[in-house]
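Data first, discussion second: the structure below is written as structure tokens.
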Amino acid sequence: MNEVAWIPVIIAALSGGAVGAVITAVVASYKARRQSVGRRVSVVPILRTDADVTGLRAELAVTHEETTYTFGNLFVVEVLVVNKGNRDFDQFAFGITLGAEDRCIFLESSACDRYHELTPKNVPTPNSPVQELDLVAKPFNRGDVYTMRLFLVISPDQLAPAEIEL
């Protein structure tokens with residue numbers, strides 16, 4: 001009974017530690033993976049001038065800072081961004097790129113509560129429309145949802161906005 005087989009005990013101890021290290025490395029790499037961000041983009045036509053219709057032309061007037069602007073093709077694009085990952089972020093910066101002929105003239109955003117904010121770096125206006133929007137969501141915790149509405153003006157020869165990239 002005094003004779004202990006040390007070789008099997010040493011092999012068992014070393015292999016148990018090695019398996020534990022492998023499991024730890026796998027879990028750490030899984031947690032450190034790129035986090036998934038869900039998004040949904042839906043386009044709502046407000047006013048679209050059809051090139052095939054002759055004799056009838058409609059325009060929508062928008063007033064901004066005492067100046068009135070008229071648009072013949074106006075769309076509202078609703079964008080929803082949600083953190084589907086397993087990590088919280090203090091802030092999350094992302095961008096929205098419109099088609100070559102599309103321009104955003106107004107951005108309306110909302111966060112899930114008063115402790116969350118969605119801030120654009122470049123604010124679109126009818127006077128200075130933008131094709132690329134840069135936004136920062138603070139904070140961007142697991143399950144947080146940010147929604148925004150983009151008011152888009154498109155070229156008269158287009159029927160709908162081009163694909164929007166986030």
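The values are calculated or read from the model by the stated rules, or taken from the named source; none is laboratory data. Predicted model, so just to flag it, every value in this text is computed and none were measured. Counting neighbours? That spans all protein chains shown, and the Cβs are built from the backbone with ideal geometry, glycine included. Heads up: the accessible areas ignore ligands, DNA and RNA and are worked out on the full protein's heavy atoms, side chains in. Shrake-Rupley method; radii C 1.70, N 1.55, O 1.52, S 1.80 Å.
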For the chain, which whole percent of the accessible surface, found with a 1.4 angstrom probe, sits on carbon and sulfur atoms? 55 percent
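Below 8 Å between Cα atoms, with a sequence gap of 6+, how large is the relative contact order for the chain in percent?
Details: 307 pairs, mean separation 42.5, N = 166.
For the chain, the relative contact order is 26 percent.
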Arg114-Glu165 FRET efficiency (beta carbon distance; Förster radius 35 Å; 0.05 resolution): 0.70
Under unit Cβ charges (Lys, Arg +1; Asp, Glu -1), what dipole magnitude, rounded to 20 debye, does region 109-159 have relative to its Cα centre? 180 debye
Counted charge near Pro129, where neighbours are those whose Cβ lies closer than 13 Å (Asp, Glu -1; Lys, Arg +1): -2
Residue-normalised accessible area of the chain, expressed per residue, 1.4 Å probe, Å²: 67 Å²
DSSP-loop trypsin sites (Lys or Arg not before Pro) across region 98-166, with at most 16 other Cβ within 10 angstrom: Arg114, Lys121, Arg142
Count the net charge of all other residues whose Cβ sits under 14 Å from the Cβ of Thr97, scoring Lys and Arg as +1 and Asp and Glu as -1. -3
Asn141's amide H: which non-local residues (gap 5+, or another chain) put their own amide H closer than 5 Å, with H modeled 1.01 Å from N in plane and none for Pro or chain starts? Phe89
Just to verify a number: FRET efficiency for Leu47 and Asp90, C-beta to C-beta distance, R0 = 41 Å, to 0.05? 0.55
